[in-house]
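Here the structure is laid out as structure tokens; the discussion comes afterwards.
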Amino acid sequence: MSAATESPAVVEVEGKDLPVHCPNPKMPVWSSHPRVFLDIVHTGEAKCPYCGTLYRLRPGTVIKGHH
């Protein structure tokens, strides 16, 4: 079975979680890859280029101070 057939995880984040980075603190250490910061402020979501995890702003999230 190929890993490509598995659907990536979706992580909803709030304003207090910014800046968003992957791997996130809840991920197991064995699945770590280099830390990458993701810009979700402008589009509302971003996908990790390493593991495919999708980070999405929780509906109704207000982001203060980010433009």
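The values are calculated or read from the model by the stated rules, or taken from the named source; none is laboratory data. In this text, all values refer to a predicted model and were calculated from it rather than measured experimentally. Every residue, glycine among them, receives a Cβ derived from its backbone with ideal geometry; neighbour counts consider all protein chains shown. To get the accessible areas, we keep the full protein, side chains included, count just its heavy atoms, and leave off ligands, DNA and RNA. Shrake-Rupley method; radii C 1.70, N 1.55, O 1.52, S 1.80 Å.
Of the residues making up the stretch 30-60, just one is within 13 Å of Ala9 (Cβ to Cβ), part of a loop (DSSP other than H, G, I, E, B) and small (Gly, Ala, Ser), namely Gly52. When Lys47 is tested against (1) at pLDDT 85 or above; (2) of a type outside the set (Val, Ile, Thr); (3) out of contact with any Leu (no Cβ under 9 Å at 6 or more places or on another chain); (4) surrounded by 10 or more Cβ atoms within 10 Å (Cβ to Cβ), exactly one condition is not met: (3). The single residue among Pro59, Pro28, Pro19, Pro23 that is at pLDDT below 95 and open to solvent by less than 40 Å² (accessible area, probe 1.4 Å) turns out to be Pro23. Here Phe37 fulfils each of the conditions (1) at pLDDT below 95; (2) open to solvent by 90 Å² or more (accessible area, probe 1.4 Å); (3) in contact with a strand residue (DSSP E or B) (Cβ under 6 Å, 6 or more places away or on another chain) apart from (1).
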